[in-house]
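Structure first, commentary second.
The values are calculated or read from the model by the stated rules, or taken from the named source; none is laboratory data. The structure presented is a predicted model; accordingly, all values stated were derived computationally and were not measured. When we count neighbours, we look across all protein chains shown, and the Cβ atoms used for this are built from the backbone with ideal geometry, even at glycine. We work out accessible area using only protein heavy atoms, side chains counted, and drop any ligands, DNA or RNA first. Shrake-Rupley method; radii C 1.70, N 1.55, O 1.52, S 1.80 Å.
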Amino acid sequence: MENQFLGNQNFNISHQVVSATCPSNIALIKYWGKYANQIPANPSISYTLNHCNTQTSMEFMANEPFSVQTFLAGNEEIKFAEKIEKYFKNIEPYLPWILKGKYIIKTENTFPHSSGIASSASGFGAIANCLMELDKLFGTENQEPRHKTKKASFLARLGSGSACRSLYNGLVVWGKTDEVEGSSDLFAVKYPDSEIHPIFKNFNDWVLLIHEGQKTVSSTVGHGLMNTNPYAERRFQEARENFIPLKEILKSGNLDKFITLVEHEALTLHAMMMISEPAFILMKTGTMEVINKLWNYRKETGNPLFFTLDAGANVHLLFPENENSNEIKSFIESELLQHTQKGGVVKDVMKF
Ligand code: DP6
């Protein structure tokens, strides 16, 4: 039990409708593998996105029997409601009023539902923000803004690990590491802006929708398979160690080293999937085509276009926004877009 986040038993509930939004994020050093109670096996760091958001409204009907109804883009989602009910029961010590009513939760994503872009990060981030709004109205919450964001991050983590990083802009760290002051396994913290070279503050993330639709293996199952992966400990160690060069890279603005580290992290994530038991592969032919073309392009032009991947086939194309970025954008449009299933691309930027 985390004492600093325990809720106050003196509350005064009433019928309320609150709403909140939360952006998605893309990890650079990946979280892949966890212990009980959503404790990550290694620290991770992500960029918070700007356009990929979830908007959520939450109606709370006080003193009705506890139940949750959820709608995604207007359609009722029974499975999601079951997940949220379980989640709310789990976080009751931190929000003691939470089971004392009925909920109708409506969510919309700014990115296409079937895009394969992870909605759990922005989704649980938005739910955590709504819960903190209710907590404020019911008069139990410590109103200090920094505490509020920290608790929202703590609550979001218990819904989906990567969600805890979406509560802050910029670069965000989740998981204890000596390299980042204040970092914790329980909630995310902002990586200090003053330690980030300007080149990393104006960055694009264009997500190529290589494969739209359900993934064959969920992240939660994938994390679980790290428990029996013979390379898991080595991987966790490497992720921890990667914070040391990354810190230096972020400070100095060394883009070449950044590219090497970020692509290595993405490929390691997928390598872990391939050597799980049972093995699985989430990359598709289009993923490989894009990676190979991108590598050739970088070799020939020297232009800093590189990629990361999340737990799916889509490719996140990363490149700094500057006087050369138009050339990169034309290359993406003319050469890479053709490898998407339906021509889909989400053009996002990092939110600072
Ligand atoms: C590959 O946060 O979706 O995107 O905690 O089980 O909900 P749960 O998993 P989730 O895992 C995300 C994994 C990743 C890497 C990352 O975001 O760090």
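Looking only at region 261-279, which residues are in a loop (DSSP other than H, G, I, E, B), open to solvent by 20 Å² or more (accessible area, probe 1.4 Å) and of a type outside the set (Val, Ile, Thr)? Before the answer, list the steps.
Taking region 261-279 first, the residues in a loop (DSSP other than H, G, I, E, B) are 275-279.
Next cut, open to solvent by 20 Å² or more (accessible area, probe 1.4 Å) only: 275, 277-279.
Matches in region 261-279: GLU277, PRO278, ALA279.
I'd like to verify a number: residues in region 12-57 that are out of contact with any strand residue (DSSP E or B) (no Cβ under 9 Å at 6 or more places or on another chain) and either of a type in the set (A, V, I, L, M) or open to solvent by 60 Å² or more (accessible area, probe 1.4 Å) (or both), how many? Before the answer, list the steps.
First pass over region 12-57, keeping only residues out of contact with any strand residue (DSSP E or B) (no Cβ under 9 Å at 6 or more places or on another chain): 12, 35-39.
Keeping just the survivors that are either of a type in the set (A, V, I, L, M) or open to solvent by 60 Å² or more (accessible area, probe 1.4 Å) (or both) gives 12, 35-37, 39.
Final tally of qualifying residues: 5.
Can you tell me which residues in region 284-336 are assigned to a loop (DSSP other than H, G, I, E, B) and either farther than 20 Å from LYS201 by Cβ or among the hydrophobic types (A, V, I, L, M, F, W, C) (or both)? Before you say what the answer is, go through the steps one by one.
Going residue by residue through region 284-336, those that are assigned to a loop (DSSP other than H, G, I, E, B) are 284, 302-305, 310-314, 321-324.
Across region 284-336, the qualifying residues are LYS284, GLY302, LEU305, ASP310, ALA311, GLY312, ALA313, ASN314.
Is there any pair with a first residue in region 39-61 that is touching a residue at least 40 places away in the same chain (Cβ under 8 Å) and a second that is open to solvent by 30 Å² or more (accessible area, probe 1.4 Å) and of a type in the set (Asp, Glu) whose Cβ atoms are under 7 Å apart and which are 6 or more apart or on different chains, and what are they?
ILE39/ASP185; PRO40/ASP185; GLN55/GLU108
For region 238-255, give me the residue count where each residue is open to solvent by 60 Å² or more (accessible area, probe 1.4 Å) and free of Cβ contacts under 8 Å to residues at least 40 places away in the same chain.
Count: 2.
When you go through (1) touching a Pro at 6+ places or on another chain (Cβ under 7 Å); (2) within 16 Å of the ligand (Cβ to nearest atom) one by one for MET273, which number turns out not to apply?
(1)
If you scan region 198-233, which residues turn out to be over 20 Å from HIS339 (Cβ atoms), polar (S, T, N, Q) and buried (at least 17 other Cβ atoms within 10 Å of the Cβ)?
SER219, ASN229
Could you look through region 145-170, keep only residues that are hydrophobic (A, V, I, L, M, F, W, C) and more than 12 Å from the chain's Cα centre (by Cα), and pick out the one that is farthest from the ligand (Cβ to nearest atom)?
ALA152
Within region 103-114, does at least one residue satisfy the condition of being free of Cβ contacts under 8 Å to residues at least 40 places away in the same chain, more than 16 Å from the ligand (Cβ to nearest atom), among the β-branched types (Val, Ile, Thr) and open to solvent by 40 Å² or more (accessible area, probe 1.4 Å)?
Keep residues of region 103-114 that are free of Cβ contacts under 8 Å to residues at least 40 places away in the same chain, which gives none.
No, region 103-114 contains no residue that is free of Cβ contacts under 8 Å to residues at least 40 places away in the same chain, more than 16 Å from the ligand (Cβ to nearest atom), among the β-branched types (Val, Ile, Thr) and open to solvent by 40 Å² or more (accessible area, probe 1.4 Å).
Have a look at GLY343, GLY286 and point out the one that is without any contact (Cβ under 8 Å) to a residue 40 or more places away in the chain, closer than 23 Å to HIS113 by Cβ and more than 16 Å from the ligand (Cβ to nearest atom).
Working: GLY286 fails: without any contact (Cβ under 8 Å) to a residue 40 or more places away in the chain.
Among GLY343, GLY286, only GLY343 is without any contact (Cβ under 8 Å) to a residue 40 or more places away in the chain, closer than 23 Å to HIS113 by Cβ and more than 16 Å from the ligand (Cβ to nearest atom).
Being over 30 Å from THR260 (Cβ atoms) and either touching a Phe, Trp or Tyr at 6+ places or on another chain (Cβ under 9 Å) or modelled with pLDDT under 95 (or both) is the filter here; which residues of region 17-36 pass it? Don't jump to the end; show me each part of the working.
Our first condition is that a residue be over 30 Å from THR260 (Cβ atoms); within region 17-36, this holds for 17-22, 36.
VAL17, VAL18, CYS22 - these are the residues of region 17-36 that are over 30 Å from THR260 (Cβ atoms) and either touching a Phe, Trp or Tyr at 6+ places or on another chain (Cβ under 9 Å) or modelled with pLDDT under 95 (or both).
Are any of the residues in region 301-309 aliphatic (A, V, I, L, M) and surrounded by fewer than 21 Cβ atoms within 10 Å (Cβ to Cβ)?
First, the residues of region 301-309 that are aliphatic (A, V, I, L, M): 305, 309.
From what's left, surrounded by fewer than 21 Cβ atoms within 10 Å (Cβ to Cβ): none.
There is no residue in region 301-309 that is aliphatic (A, V, I, L, M) and surrounded by fewer than 21 Cβ atoms within 10 Å (Cβ to Cβ).
Can you spot a residue in region 67-88 that is closer than 30 Å to GLU181 by Cα and open to solvent by 60 Å² or more (accessible area, probe 1.4 Å)? Walk me through it before giving the result.
Step one: filter region 67-88 for residues closer than 30 Å to GLU181 by Cα, giving 87.
Restricting the remaining residues to those that are open to solvent by 60 Å² or more (accessible area, probe 1.4 Å) gives none.
No, every residue in region 67-88 fails to be closer than 30 Å to GLU181 by Cα and open to solvent by 60 Å² or more (accessible area, probe 1.4 Å).
Taking the condition open to solvent by 30 Å² or more (accessible area, probe 1.4 Å), of a type outside the set (Phe, Trp, Tyr) and more than 21 Å from ILE91 (Cβ to Cβ), does GLY139 pass?
Numbers: open to solvent by 30 Å² or more (accessible area, probe 1.4 Å): yes; of a type outside the set (Phe, Trp, Tyr): yes; more than 21 Å from ILE91 (Cβ to Cβ): no.
Here the answer is no, as GLY139 does not meet what is asked.
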